[in-house]
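Structure first, commentary second.
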Amino acid sequence: MLLRDTVVDRLINRALAAGLVGMLLRESWFEQALTSALPGDEDTVVNLARQLSFGAILLVVSDIYGIAKLWDGADPDRARQRQRIYDLVAATATVIILAAGTPARRANLLVDQLLGWPAVALWLAFCLPVGITAVLVGRICLREMLTGDITRRERVVFVVIFCTAVGAGLDVGATVIETFGCVLADQPVLDPEMHRKAWSFATAMFVAVGVSAIPLISTLTTRLGHDRTGRNLRRLRPLWTDLTAAVPEVVLDTTAGRGQQDPAIRLHRMTAEICDSLLHLRRYVTIDDSDYKDPQAYTRRIAEAIIAKNAGRPPVHSAAKPKNRAQPDARDLDAELHILLALANAWPQARGARTYGRRRDTSQAR
């Protein structure tokens, strides 16, 4: 619901949904529900569900491969067409798995319990896409860690994904080699109950959910206003409220639509309106260069300007005067925001002085 705007968001959602289906197909209560709802022998339905879980895992791998290709620089405009091909590969591999798993289903055994050449074909069909995806993801992570300009948090994420990819690649490689060797030697595999494979899949899904939770947490933080932009908005709001109340004509049109709901756009709009208000109010008082450097002094002058404007006094300076600048020494947006935040911190005290000054003027008039 919160992350579905980009192609990568949708692929992550698909992968998580497919992973959930894959895990459900191996849950006993879910298998029992299937046996009650579907016709056929109970053991056949259960074994079919377990083999179909391989297809769900391959769909996860298909989505991860699509994400990795985008990560590797593939054209995002053709992502949908490429993903159809990857899904077709996953579906073909699933058909091979079901066909190769037919003898095990008929014998009411797991694939590794029956073994034989059908088991070799099944594990090849399953492990080859997983291995190719693991190599691609591992190569991209290694490249980004060695050459990319990344933050410490991104490096931690890359390390986790890289280790998971290496682990998955080694696991599927060992599975194929072990199955092939045991079939040739006519020996059972070390884990015929396939507990290790179940744990490998569960671990990979846990890592995938953990990694995908990082942008989710960031999105939730932004929605709740607890990110840096949200905090800056809350700090600037008292100053913005008073200044735009004094100079309402500087307030921009808010009927533009959904874009105004974006915190970054709201912050940009708020800083622009504050600067326009300061530029307008600056004409009602005399401000020295030393006042600009002291947020306390500057905000007191602005409070005096609001009192003068509200009292109907004429401006003391022309708006065209070159010295009339909203924020001196602001070379870019970050510097300007830093200056405005300093003014916002000093504003409560200036606002109190302005209220006291207004009351004193009122008592003198009386």
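The values are calculated or read from the model by the stated rules, or taken from the named source; none is laboratory data. What you see is a predicted model, and the numbers here were worked out from it, not measured in a lab. Methodologically, a virtual Cβ is constructed for each residue, glycine included, from the backbone with ideal geometry; neighbour enumeration extends over all protein chains shown.
What to note about this one:
- Within the range 9-27, residues that are of a type outside the set (S, T, N, Q) have Cβ atoms under 8 Å from residues that are not in a helix (DSSP H, G or I) in these pairs: D9/L3; R10/R4; I12/L3, counting only partners at least 6 apart in sequence or on another chain.
- Between T219, T241, T164, the distinction of being within 30 Å of C275 (Cβ to Cβ) and assigned by TED's automatic domain parsing to the domain that holds L114 belongs to T219 only.
- Verdict on L267 being within 21 Å of the chain's Cα centre (by Cα), within 30 Å of I307 (Cα to Cα) and aliphatic (A, V, I, L, M): yes
- Any hit, the range 81-91, residues being among the aromatic types (F, W, Y), in a helix (DSSP H, G or I) and either in contact (Cβ under 8 Å) with a residue 60 or more places away in the chain or at positive phi (or both): no
- Note on the range 34-47: residues that are in contact with a helix residue (DSSP H, G or I) (Cβ under 6 Å, 6 or more places away or on another chain), assigned to a helix (DSSP H, G or I) and of a type in the set (A, V, I, L, M) amount to 3.
- Out of G230, G173, one residue alone is within 30 Å of G138 (Cα to Cα), of a type in the set (G, A, S) and out of contact with any strand residue (DSSP E or B) (no Cβ under 8 Å at 6 or more places or on another chain). It is G173.
- Any pair with Cβ under 6 angstrom, 6 or more apart, that starts in the range 102-121 at a residue that is more than 15 Å from F54 (Cβ to Cβ) and not assigned by TED's automatic domain parsing to the domain that holds A174 and ends at one that is among the acidic types (D, E) and in a helix (DSSP H, G or I): none
- The number of residues in the range 230-255 being under 31 Å from the mean Cα position of the chain (by Cα) and more than 11 Å from T271 (Cα to Cα) comes to 9.
- Elements of type helices (runs of 4 or more DSSP H) contained in the range 111-211, each with 1 or more residues being among the basic types (K, R) and within 25 Å of the chain's Cα centre (by Cα): 117-147, 152-185
- Tabulated pairs, the range 178-191, first buried (at least 16 other Cβ atoms within 10 Å of the Cβ), second part of a helix (DSSP H, G or I) and modelled with pLDDT of 90 or more, C-beta under 6 angstrom, 6+ apart or interchain: T179/A119; T179/V120; T179/W123; V183/V120; V189/D112; V189/E178; V189/C182
- Residue match in the range 316-339 (condition: among the aliphatic types (A, V, I, L, M), within 39 Å of the chain's Cα centre (by Cα), at pLDDT 85 or above and surrounded by 13 or more Cβ atoms within 10 Å (Cβ to Cβ)): yes
- Every test in (1) surrounded by 14 or more Cβ atoms within 10 Å (Cβ to Cβ); (2) touching a helix residue (DSSP H, G or I) at 6+ places or on another chain (Cβ under 9 Å) is passed by A198 save one, and that test is (2).
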